[in-house]
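K.L.:
Sharing a structure below in structure tokens format, with a few things to ask.
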Amino acid sequence: MFARLRRGVTLPGGRVVGETDREVHLIPIPLGDDRPAALVAYCGLVIRPGQADLVDTLAGMPCPLCMVRSPAPVTR
């Protein structure tokens, strides 16, 4: 799935998210019935509830590290 941090959210280091932080991150879809406390993007960014918006497609600037670390699509 794809997610973008919300402007104004405070990051763990104390910095507030600005427009340059709003890259689109790739996140593996959690398996199972339990709702995770946080989502972890392929780049390692931990996204807690209320910190990001899900986006329908990879529109906008993608996170370069997510792009490199995400698995290749599987074709069948």
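K.L.:
Looking at Leu26 and the list (1) surrounded by 14 or more Cβ atoms within 10 Å (Cβ to Cβ); (2) out of contact with any Phe, Trp or Tyr (no Cβ under 7 Å at 6 or more places or on another chain), which single condition is not satisfied?
P.N.:
Condition not satisfied by Leu26: (2).
K.L.:
Here's another thing I want to ask about it. Please indicate, with yes or no, whether at least one residue in region 21-31 is without any contact (Cβ under 8 Å) to a residue 12 or more places away in the chain and of a type in the set (Lys, Arg).
P.N.:
no
K.L.:
What are the pairs, 6+ residues apart or on separate chains, where a residue within region 36-62 that is free of Cβ contacts under 8 Å to residues at least 24 places away in the same chain has its Cβ under 9 Å from a residue that is among the polar types (S, T, N, Q)?
P.N.:
Qualifying pairs under 9 Å: Ala38/Gln51.
K.L.:
Here's a follow-up. Go through (1) surrounded by 10 or more Cβ atoms within 10 Å (Cβ to Cβ); (2) of a type in the set (Ser, Thr, Tyr); (3) not in a loop (DSSP other than H, G, I, E, B) one by one and return the number of the condition Tyr42 breaks.
P.N.:
Going through the list (1) surrounded by 10 or more Cβ atoms within 10 Å (Cβ to Cβ); (2) of a type in the set (Ser, Thr, Tyr); (3) not in a loop (DSSP other than H, G, I, E, B), Tyr42 breaks only (3).
K.L.:
Mind counting the residues in region 54-76 that are part of a strand (DSSP E or B) and open to solvent by 60 Å² or more (accessible area, probe 1.4 Å)?
P.N.:
1
K.L.:
Which of the residues spanning region 10-33 are in contact with a strand residue (DSSP E or B) (Cβ under 7 Å, 6 or more places away or on another chain), in a loop (DSSP other than H, G, I, E, B) and β-branched (Val, Ile, Thr)?
P.N.:
Listed by number, the residues that qualify are Val17, Ile27.
K.L.:
Considering only region 7-20, how many residues are open to solvent by 80 Å² or more (accessible area, probe 1.4 Å) and in contact (Cβ under 8 Å) with a residue 12 or more places away in the chain?
P.N.:
Of the residues in region 7-20, 3 are open to solvent by 80 Å² or more (accessible area, probe 1.4 Å) and in contact (Cβ under 8 Å) with a residue 12 or more places away in the chain.
K.L.:
Within region 29-52, count every residue that is under 9 Å from the mean Cα position of the chain (by Cα) and either under 13 Å from Met1 (Cα atoms) or β-branched (Val, Ile, Thr) (or both).
P.N.:
7
K.L.:
Can you pull out the residues in region 15-73 that are among the hydroxyl-bearing types (Ser, Thr, Tyr) and at pLDDT 90 or above?
P.N.:
Tyr42, Ser70
The values are calculated or read from the model by the stated rules, or taken from the named source; none is laboratory data. Source: prediction; values computed, not measured. With ideal geometry, Cβ positions are generated from the backbone for all residues, glycine too; neighbour counts draw on all protein chains shown. To get the accessible areas, we keep the full protein, side chains included, count just its heavy atoms, and leave off ligands, DNA and RNA. Shrake-Rupley method; radii C 1.70, N 1.55, O 1.52, S 1.80 Å.
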